[in-house]
1. Looking at Ile170, is it open to solvent by less than 20 Å² (accessible area, probe 1.4 Å) and modelled with pLDDT of 90 or more?
2. When you check Leu698 against the structure, is it under 22 Å from Glu587 (Cα atoms) and open to solvent by less than 70 Å² (accessible area, probe 1.4 Å), yes or no?
3. For region 122-136, enumerate the residues that are open to solvent by 70 Å² or more (accessible area, probe 1.4 Å) and more than 30 Å from Leu310 (Cβ to Cβ).
4. Taking the options Glu139, Glu115, name whichever one is open to solvent by 30 Å² or more (accessible area, probe 1.4 Å), without any contact (Cβ under 8 Å) to a residue 60 or more places away in the chain and either over 22 Å from Asp185 (Cβ atoms) or not basic (Lys, Arg) (or both).
5. Residue pairs, Cβ under 9 Å, 6 or more apart or interchain, first in region 587-603 and assigned to a helix (DSSP H, G or I), second open to solvent by 100 Å² or more (accessible area, probe 1.4 Å). List them.
6. Does Lys659 qualify as being under 44 Å from the mean Cα position of the chain (by Cα) and either under 27 Å from Leu598 (Cβ atoms) or modelled with pLDDT under 80 (or both)?
7. Identify the residue in region 238-276 that is open to solvent by less than 20 Å² (accessible area, probe 1.4 Å) and part of a helix (DSSP H, G or I) and, among all such residues, is modelled with the lowest pLDDT.
8. Quick one: in region 286-331, which of the residues that are charged (D, E, K, R) and assigned to a helix (DSSP H, G or I) is surrounded by the fewest Cβ atoms within 10 Å (Cβ to Cβ)?
Amino acid sequence: IRPQIPREVIDMCRVCTTVTPGEPQVTLGSDKAFTYDYVFDMNSQQEDIYETCVERLVNGSLEGYNATVLAYGQTGSGKTYTMGTGFDVEVMPEQVGIIPRAIHHLFQGIQERAEKAREAGQPPPEFKVVAQFMELYNEEVIDLFDPSKEQYVNKGKSGIKIHEDASGGIYVVGVTMKTVFSAEDALQCLRMGALSRTTASTQMNSQSSRSHAIFTLHIKQQRLVRVESSEESDSIVATDPSNEFETLTAKFHFVDLAGSERLKRTGATGERAKEGISINCGLLALGNVISALGDKSKKALHVPYRDSKLTRLLQDSLGGNSQTVMIACVSPSDRDFMETLNTLKYANRARNIKNRVTINQDKSSRTIVLLRQEIQQLQLELLEYKQGKRMVGEDGVEMVNDMFHENTMLQTENNNLRTRVKAMQDTIDTLSNKNTQLLAEKAMGGWIHSGPESDVTEMIQSYLKEIEELRAKLLESEAICQQLRKTASRQTPRGSMSPHVAMSEFSYPFHLIIEKAKKGLQKDLELLSRSTRDDSKKNGVEPNEDGTGDGDSDNSDSEEKEEENAQIGLELAELTSEISIKQKLIEELERSQKRMQLMRQHYEDKLQLLQERIRATQEERDTVLASFTGQTNQPSEKERKVREEYEHKISEMQKEVKKLLSAKKEHARLLRNQTENENRVRSLKNELADMKRTKVKLLNKMKEEAAKHKDVELRRNREIAQLRKESRKRETQYEH
């Protein structure tokens, strides 16, 4: 509920709205009560509205959820002020609207998420924010970022189309998309679009919005997320990377609707009346959509989104994939009782709408991971089929092959036998040592009488030691020989070819290349001889017995003419290229000149509008002060407060005028530079005309050369025909 404006105070209008303390309920008059999610009375601040309603939507958009803030109400109820889409150059910090606050909050959240990721040792998420600003004027979508939108307003066709994708989302084709890298860039886009918005003065509002404005931010981010591995089998576990990038997208719509109005109260006529009718038609279609979505008894019926471009653009926000907040702006004065009642009923119906909100997540990366895991599982099963572990029976049932079980049992038995062999080998070694010792004792007993005992024992031990060393070397040599035989048998199939065969394999491609080159050379020689014969036939020269012709002297002339024609054609191509470049440059300069003129007219209109507002505000101040002077019982404090308020308004408007004047001076400087562009355009046009004349001369010259060449050919053909005729005559005379 906006505060009363000074004009309503002067007219002694009473406040007809009452807010229940501690409850989100507003009472209109004495008996009409309405309950909403939040209610803000006349003393509420812009910051309270933003933190309560919009802050959570901005946080949700950074997580991939769509959001919409919709301002609705009668004309002059404070929608543009609440949304912050006006073209005021400077406003107080506490008066900043929802859109500037949301933009600062959005980029602050982006920076905080990047810093948090860096602290965690992860790559920061990559954000891309794109802005678009459009208005719906007389049921035609107009791009507010396009400086030449005036021609679309006059013609009634902007070329902007509304489409629906496969998932039911709405997107617009033909609207300028501007990438913004900071809050300042986004606010500059907002100011530029707000300056281009269609406004006019009515009896109810001195600066009434005559169109519905939609400012949209498209937010796209890529971030690193942790993925839990969920696929595993009996013999292998999927070891995919635990981190992957996912893409989140979100759309944030800020909608400032034009106010519903009655022509009787606004006093609109002519073009303003047509605008008011178009505005009411769009709001009626919006009301029908809200009624169809909010009425539970009509839930299965058709929702008329296509009745208006406004409802078509807001299809996602109403009953679709979006978190939507509708702000109903009303006037507290009793003379606006009926308009306020209609607005409250409108908002009460909208409260029953249930949206289906889902995160806009790119699932392609997750799908790729799952598909890779499935491929690994299938490859494992395929390998088991190849190895014979798995098989399909006659009845189509998958089973494990019996041979696999048999192989498993044989491998187990083989391992047991290897263990027994190793144990028996240890027993053999022990028995061999014992046998050696017994043989030594026996030998020592046989030689006991042949010499000293110590000498015989040492000799026997040395002999036995030497025998055991030789036996070990023999076993080692046999093992090495067997290993070499196995290696040789494995390498024979691949390395058994002779050096001659190997060399022939490497040399074979070179022989092919040489043969191909010879064939190509032969073809070129045949084509050359064939073309020579064709040229001689075209020139009408028959070869003599020695193979020469009479037309050798004319070949040089034809070659010179061909070279001259080729040179002329090259010059003509260069001239054509330069002409096209000059024409494009001239068209670009002319377009920039038209844009400069449109901007000049735009600045002059805005400056005149501001001057009229200053004059109207001064007159209103004088009227209010005069009414206070006439009332003796009026307190001086209120008079001083009103005076300060009007002086503050006038000073703010004068600041705006100064800024627009400085912009106009800058524009005048650009216009002075425009004369240089005009001179350049003039010189380019002269050069273009000279080039075209040169091109015409070259074309005429080529035509003349072609005609001369044709005459020479005709004359030559006649001479050849005459020579042939005379030769035939001579032949007939010789025969007679």
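The values are calculated or read from the model by the stated rules, or taken from the named source; none is laboratory data. From a predicted model like this one, the values you see are computed outputs, not experimental measurements. Don't worry about glycine lacking a Cβ; one is built from the backbone with ideal geometry, like all the others, and counts go over all protein chains shown. Ligands, DNA and RNA are stripped out before the accessible areas are found, and what is left, the full protein with its side chains, is counted by its heavy atoms. Shrake-Rupley method; radii C 1.70, N 1.55, O 1.52, S 1.80 Å.
1. Numbers: open to solvent by less than 20 Å² (accessible area, probe 1.4 Å): yes; modelled with pLDDT of 90 or more: no.
So Ile170 does not fit the description; no.
2. On the way: under 22 Å from Glu587 (Cα atoms): no; open to solvent by less than 70 Å² (accessible area, probe 1.4 Å): yes.
Spelling it out, it is not the case that Leu698 is under 22 Å from Glu587 (Cα atoms) and open to solvent by less than 70 Å² (accessible area, probe 1.4 Å).
3. Filtering region 122-136 down to residues open to solvent by 70 Å² or more (accessible area, probe 1.4 Å) leaves 122, 126, 128.
Matches in region 122-136: Gln122, Glu126.
4. On the way: Glu139 fails: without any contact (Cβ under 8 Å) to a residue 60 or more places away in the chain.
Answer to the selection: Glu115.
5. Cβ pairs passing all conditions: Leu589/Arg680.
6. Working: under 44 Å from the mean Cα position of the chain (by Cα): yes; either under 27 Å from Leu598 (Cβ atoms) or modelled with pLDDT under 80 (or both): yes.
Yes.
7. Thr266
8. Step one: of region 286-331, the residues charged (D, E, K, R) are 295-296, 298-299, 306-307, 309, 312, 316.
With the extra rule that they be assigned to a helix (DSSP H, G or I), the set shrinks to 296, 298, 306-307, 309, 312.
Working: Lys296: 8, Lys298: 12, Arg306: 12, Asp307: 16, Lys309: 17, Arg312: 19.
Among those that are charged (D, E, K, R) and assigned to a helix (DSSP H, G or I), it is Lys296.
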